[in-house]
Amino acid sequence: MEDALIIELFWQRKEEAIGQTADKYGSRCLSVARNILRDDGEAEECVNDAYLKAWLSIPPARPERLSAFLVTVVRRLALDKWRRRNAEKREGDRQALLLSELADCLPDRGSDGNIDLWVERTELTEALDRFLREQKQELRRVFVLRYVYAFSIGEIAEREDVSENAVTVRLSRMRKALRKRLEKEGIAL
């Protein structure tokens, strides 16, 4: 079913909207949550919470791209759950690793470290979108798999059929190019 029709089902408050959303985007959403949480049960819970959040948000929202809307909701929910779970444990931190990789090429998050605040800034979002649109498809895919879907270097290498070193080099070069691009556009780092 087309996204516009699914969104219309939400607007009409028909429960079929959830089923159609799950059929079309359930596996993608589950993959995002699993990559962040590394726990199937928690990932499924996040996806279900995302469906509820979509139900409560549409209307009044009318997302242009339902897939992007859902992935964003799932990612935020999974990160929140991950932070709560790991606040007590203080163990190795997958998301901190991903953010540390990007730290040199993204603006300062401020002293509170609230990533949601700076990611949502329109200027940065638009600059990132422009940067990624200008990249070759395989580079863009590697970047998105790493920093949106939270895939490990090994998972990306296997998926893209390249060595882990090739993935690491591509990501490093893209981060340097992104930093240079943001500096050129006057976005404070």
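Values quoted throughout were computed directly from the atomic coordinates according to the rules given, and no laboratory measurement underlies them. In this text, all values refer to a predicted model and were calculated from it rather than measured experimentally. Neighbour counts are summed over all protein chains in view; Cβ atoms, including those assigned to glycine, are modelled from backbone coordinates with ideal geometry.
Listed by chain and number, the lysines placed with their C-alpha closer than 27 angstrom to that of K81 are K24, K53, K89; residues fewer than eight positions away on the same chain are left out. Summing charges over all other residues whose Cβ lies under 13 Å from the Cβ of L56, with Lys and Arg as +1 and Asp and Glu as -1, gives +1.
Ordering of 131-139, 153-161, 25-33 by packing is 25-33, 153-161, 131-139, highest average first (other Cβ atoms within 10 Å, averaged per residue).
The listed peptides 163-170, 142-149, ordered by packing as a protection proxy, come out as 142-149, 163-170 (highest mean of other Cβ atoms within 10 Å first).
The GluC sites (Glu not before Pro) of the stretch 32-84 meeting both criteria, a DSSP state outside H, G, I, E and B (loop) and at most 16 other C-beta atoms within 10 angstrom of the site's C-beta, are E64.
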